[in-house]
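Comments concern the structure below.
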């Protein structure tokens, strides 16, 4: 296929994805704190295997919220960046959430109602340390999350700083294991918030630690990718006594999974399926809640167009 044809296909796909994000005929959006863009933290596919250049993608993840009356929503993102070298890249990402169908909403709130998630700025520093004989590499990726999400702003969020410390081990030519240690610092202008109408409370996190162990498999000349992340989030909440919320001053854990299968249809298009669970253990890790975590999970379609 000619270069001009490839450019026309890429342009057309980006236009279709943009239309999906802006079309008013689907339903109303709800930002979700465990959205796929925040949860998996996947690498953005570069425009080229090496050399400098612009990078970016548009990603749509329509899904069924099994634990919320089977509501249909889509977690989306638009990302642009610049790669200075194979091991150095900066990027900005806007998270976007839309609603397709939600039985919980009043009819007056129906419609797509596209809403912004958080705005993310990041720096990728890959291969800071490499041991080729052992198949080991180390990378670091700091990210700053800013509250373009209306709910986060209302709860007093100023910013969140995440630090991704990544150790990757190649087990075979098509099998990798990545261990991530992610210390997270939350900056809120208040310890919590009590809604005087509903009586619901929000308790702000102060510090959070995440551990990801991700198994990646590649098949069919790297066109088919299978990812199996096991994730443990630990939140240390600030003290907020109003409303008697049990989170106040507590430490709570969340063990969850996020498997994903994608197929590289063309050099710039990936299609796939994914599923992220709810908590698979109690918040104090005292017992397993696997059935409940699966039943409240979110199966998704994955549509990604990259530069």
Remind me, relative contact order of segment 173-307 in percent, using alpha carbon pairs under 8 angstrom and six or more residues apart? 18
Using Cβ counts within 10 Å as a stand-in for footprinting exposure, how do 182, 90 rank, fewest first? 90, 182
Counting only C-alpha contacts under 8 Å and six or more residues apart, can you give the relative contact order of segment 95-189 as a whole percent? 21
In whole Å, what three semi-axes, largest first, describe the equivalent ellipsoid of segment 129-169 built from its Cα gyration tensor (square root of 5 times each eigenvalue)? 36, 7, 6
Burial ranking of peptide ranges 116-124, 129-137, 186-194 (average Cβ count within 10 Å, highest at the top): 116-124, 186-194, 129-137
How are the Cα pair distances of segment 103-214 distributed, in percent, across 5 Å bins from 0? 2, 10, 14, 15, 14, 12, 11, 9, 6, 4, 2, 1, 0
According to the Cα gyration tensor, what semi-axes, each the square root of 5 times an eigenvalue, does the equivalent ellipsoid of segment 69-164 have, listed from largest to smallest in whole Å? 36, 16, 12
Taking Cα centroids, how far is segment 130-166 from segment 231-249 in Å? 21
Return the distance in nm (one decimal) between the two label points of a simple spin-label model at residue 130 and residue 296, each offset 7 Å from Cα along Cα→Cβ. 4.4
FRET efficiency, 1/(1 + (r/R0)^6) with R0 25 Å, evaluated for residue 84 and residue 213 via beta carbons: 0.25
Decide, for segment 193-307, between rounded, prolate and oblate: order the square roots of the alpha carbon gyration tensor eigenvalues as a ≥ b ≥ c, take rounded if a/c falls under 1.5, and otherwise choose prolate if a/b is larger than b/c, else oblate. prolate
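Computed from the coordinates by the stated procedures, all read-outs in this text should not be read as laboratory data. Since the model is a prediction, treat every value here as computed from it, not as a measurement. A quick note on method: Cβ atoms are made from the backbone with ideal geometry, for glycine too, and the neighbour counts reach across all protein chains shown.
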